[in-house]
Amino acid sequence: MLSSTTVFARDGVEIADVACRHPAGRGQHTESAGARALVFVRRGCFVRSVDGVDPLLDSTVAYAMNPGEEQRYDHPHAHGDDCTVFSLDGELAASLWGEEPILPSGPLPVPPGLDLEHRLLLVAARRQADAHELHERVILLGARLLEVADPQRVASARPQTASRRLALVDEAREALADEPEVSLLDLAKGLAVSPHHLSRIFHTATGRTIARHRIRLRVRDALERLAGGERDLARLAADLGLADHSHLCRIVRDETGTTPSVLRSALSD
């Protein structure tokens with residue numbers, strides 16, 4: 001028995017929690033892979049047979065899956081397994097993998113820090129964290145995993161000079177100031193750079209992710225509105241592209257250490 005629950009989907013990325021409860025033994029049939037994905041094993045182990053190769057996959061490794069691959073899953077134990085599947089569309093996969101949309105075959109060792117990040121990302125998706133943040137984290141997670149297979153390929157097309165990287169960060173900040181809700185994919189496309197390179201360069205230069213920079217811009221806009229006497233926090237949250245009044249309060253408290261209502265009194269003339 002196989003069950004899959006999608007916990008996040010946006011801009012060519014999906015996160016699914018997959019539980020397999022097949023009995024021990026050889027898989028009953030060969031199936032065609034329908035998704036392009038990076039798969040992390042959280043618990044248990046199984047054998048995935050593709051093109052005559054039969055690696056054992058457990059919680060210390062991940063693997064890539066490409067559409068149309070003929071695969072069979074065998075289960076050495078009866079207690080099943082659980083995986084996290086990060087599906088990517090072809091354009092995004094190619095941007096991570098040196099413009100090649102076919103992801104590498106074979107097991108990919110998962111260092112402890114990367115394993116923890118994927119588990120934290122799954123929890124954040126279940127809790128419906130900020131969609132921009134989740135999307136950016138999936139892209140960076142994918143880049144880090146694929147670097148295990150070929151770091152030079154993943155690093156290809158990265159701007160080489162420090163001056164160009166700094167200019168790129170300023171261009172990104174300029175675009176975000178004009179349109180804070182522009183997606184990471186559209187932002188990167190407009191700047192002619194891959195999303196994971198843009199995210200990494202931005203973080204190196206500013207000390208924060210693009211998603212965190214968006215939140216900071218939202219909070220600064222909120223403070224300006226509060227200083228002008230804005231009293232309708234639900235309307236303010238909606239104007240800033242936030243889910244609700246609670247979301248507004250949470251990000252303002254995270255950034256400033258206090259609540260919008262307190263800040264409104266402090267900032268009003």
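The values are calculated or read from the model by the stated rules, or taken from the named source; none is laboratory data. Computed from a predicted structure; not experimentally measured. Every residue, glycine among them, receives a Cβ derived from its backbone with ideal geometry; neighbour counts consider all protein chains shown. These accessible areas exclude ligands, DNA and RNA; they are computed on the full protein's heavy atoms, side chains included. Shrake-Rupley method; radii C 1.70, N 1.55, O 1.52, S 1.80 Å.
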**Message:** Rounded, prolate or oblate for segment 219-269? Axes are the square roots of the Cα gyration tensor eigenvalues, ordered a ≥ b ≥ c, and the cut-off for rounded is a/c under 1.5.
**Reply:** oblate
**Fill in**
Taking only the alpha carbons of the chain, the radius of gyration and the largest Cα-Cα distance, Dmax, both in angstrom, are 21.4, 73
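Hey, any idea what % of segment 1-113's accessible area is carbon plus sulfur with a 1.4 Å probe?
Details: 2880 of 5290 Å².
That share works out to 54 percent.
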**Prompt:** So what J values fall out for segment 185-190 if you push phi through Karplus, 6.51 cos²θ - 1.76 cosθ + 1.60 with θ = phi - 60°, rounded to Hz, Gly and Pro as x?
**Reply:** 5, 5, 4, 5, 4, x
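If you put +1 on each Lys and Arg Cβ and -1 on each Asp and Glu Cβ, how big is the dipole of the chain around its Cα centre, in Debye rounded to 20? The partial results should precede the final answer.
Values: 32 positive and 39 negative charges, 152 e Å.
I would put it at about 720 debye.
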**Asked** Relative contact order, percent, of the chain when contacts are C-alpha pairs under 8 Å separated by at least 6 residues?
**Response** 14
**Asked** Label points 7 Å out from Cα along the Cβ direction at ASP58 and ALA129: separation in nm?
**Response** 2.8
**Item:** Å² per residue, accessible surface of segment 1-159 at 1.4 Å
**Value:** 47
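State whether segment 40-119 is rounded, prolate or oblate according to the following rule on the C-alpha gyration tensor (a ≥ b ≥ c being the square roots of its eigenvalues): a/c under 1.5 gives rounded; otherwise a/b larger than b/c gives prolate, and the remaining case gives oblate.
oblate
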**Message:** Between VAL39, VAL53, VAL13, where does the largest GNM mean-square fluctuation fall for the chain, given springs only between Cα atoms within less than 10 Å?
**Reply:** VAL53
**Message:** Mean-square fluctuation check for the chain, GNM, Cα pairs under 10 Å: which of ARG119, ARG212, ARG231 is largest?
**Reply:** ARG231
**Request:** Excluding GLU31 itself, calculate the net charge of residues whose Cβ lies under 9 Å from the Cβ of GLU31, where each Lys or Arg counts +1 and each Asp or Glu counts -1.
**Result:** 0
**Message:** Accessible area per residue for segment 209-269 in Å², computed with a 1.4 Å probe and the full protein assembly in place, what is it?
**Reply:** 54
**Complete:** From DSSP H assignment alone, runs of 4+ in the chain each adding -39500 (n - 2.57), the sum over residues rounded to the nearest 500 puts [θ] at 222 nm at -14500 deg cm²/dmol
**Item:** Sum of side-chain charges, ASN66 neighbourhood, beta-carbon under 14 Å (Lys, Arg +1; Asp, Glu -1)
**Value:** -4
**Asked** Which of LEU240, LEU103, LEU122 moves most in a GNM of the chain, Cα contacts under 10 Å?
**Response** LEU240
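Going by average Cβ neighbours within 10 Å, how do the peptides 55-66, 167-178 rank, with the highest at the top?
Numbers: 55-66: 18.1, 167-178: 15.0.
Most protected by this proxy first, the peptides run 55-66, 167-178.
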**Item:** Radius of gyration and Dmax over the Cα atoms of segment 157-269, both given in Å
**Value:** 16.1, 51
**Message:** Order 223-229, 245-251, 129-135 from most to least packed using the mean count of other Cβ atoms within 10 Å.
**Reply:** 129-135, 245-251, 223-229
